[in-house]
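Here the structure is laid out as structure tokens; the discussion comes afterwards.
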């Protein structure tokens, strides 16, 4: 599909505008970065039938993973931090049509309405030897750092617990 002008292209590059993604897609992005650029087909249960294929250069995945750890260490994703575990994550706040003044939506634009944003957080842990990747989407949930990152922390913590038999 055609994106249109340069402004729309730039907005799409940072996850704004008309970009749509599912939590499964964003979880797959986090897992791809965690595995050094190899994308595996997402599964709900452990399944080793298909080998991951490289979609990112390892150095690019490593660099993005390093940046993602900084997001959790000292950026907008600190609410996802776990004691003793290096978590890599990225927050996102998708502005919905009312807050952006999209003419396709009837009525007045709503400025600074936290319910007019979708909160995202995609993460994996531990950073260097990842075992868990997660993506959280809270529709109408405010900002990624304030609401989605704490939810992701709970999932990561549960996923990193030793298996019970």
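One table, with the values for the structure above:
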quantity	calculated
Peptide ranges 32-39, 79-86, 51-58, 66-73 listed from the most packed, as the mean C-beta count within 10 angstrom indicates	32-39, 66-73, 79-86, 51-58
Per-peptide average of other Cβ atoms within 10 Å, ordering 89-96, 137-144, 149-156 highest first	89-96, 149-156, 137-144
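Just so you know, all these numbers are worked out from the coordinates, no wet-lab data involved. Remember, it's a predicted structure, so these values are computed and weren't measured experimentally. Every residue, glycine among them, receives a Cβ derived from its backbone with ideal geometry; neighbour counts consider all protein chains shown.
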